[in-house]
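All of the numbers you see were taken from the coordinates with simple rules; none came from a lab. These numbers were taken from a predicted model, which means no experiment stands behind them. Positions of Cβ are backbone-derived with ideal geometry, glycine not excepted, and every protein chain shown enters the neighbour counts.
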Amino acid sequence: MAASFTVHSSVFRRTLLGALSLTGRTPRPAASSAGLRCVCTAAPVGPPPVVLESAEEYKFVERLIPPTRVPSPPKHSAPTPSGWTPPAESPPSLPYMIRRSRMHNIPVYTDLTHGNRQITIVRKVEGDIWALENEVKQFLKEVTGKDLPTQVNEVTGTLKVKGHFDVELKDWLANKGF
């Protein structure tokens, strides 16, 4: 009886050592003489789980999703405390049109290139850009007393003026109704 006990314990010991070995090998199934059997840990085969969607709970998710576009601004009759001026109710009857930016601002920007080259850029010009250039030159000549160089790009709809005149041009365009 002692001999059979040692045989069974040695088989049991080999089975345990094979299952607990840290060599990275997959354990072999136990010998049939040990009386052990393999247990399957796979999920039982059955219908897939059902996912329920709740429209009531989606309102909490919608708060986290950022908006896809900037909302239209509220109606104002005068400049706001931040200095933003609303466009006129109807666009002015001029041969050119200047669209607002997506944040509803007048698209006049300044640029500093080559260290000290100051440029003012008017973007989003539609229509007769050459008429806008003539009016901008005339306006800036009244402001500065000099005839300033300009550059027109019809393809991109931009007008560049030498110098920083963004505040003056924004006020001038707002007074025109853009």
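Quick notes
- 3J(HN,Hα) couplings calculated from phi for the range 57-67 with the Karplus curve 6.51 cos²θ - 1.76 cosθ + 1.60 (θ = phi - 60°) are, in sequence order, 7, 5, 4, 6, 6, 4, 5, 8, 7, x, x Hz; Gly and Pro show x.
- Sorting 73-80, 98-105 by their mean Cβ neighbour count within 10 Å, with the most densely packed peptide first, gives 98-105, 73-80.
- Label point distance in nm, residue 100-residue 64, each placed 7 Å from Cα along Cα→Cβ: 3.3 nm
- For the range 72-160, a Kirkwood radius taken over Cα pairs fed into Stokes-Einstein (10 °C, viscosity 1.306 mPa s) yields D = 107 µm²/s.
- Positive-end extreme of charge dipole, the range 43-178 - chosen from 76, 98, 131 (charges on Cβ): 131
- For a straight C-alpha distance cut-off of 29 angstrom, the lysines reachable from residue 124 (same-chain residues fewer than eight places away being disregarded) are 75, 137, 141, 146, 160, 162, 170, 176.
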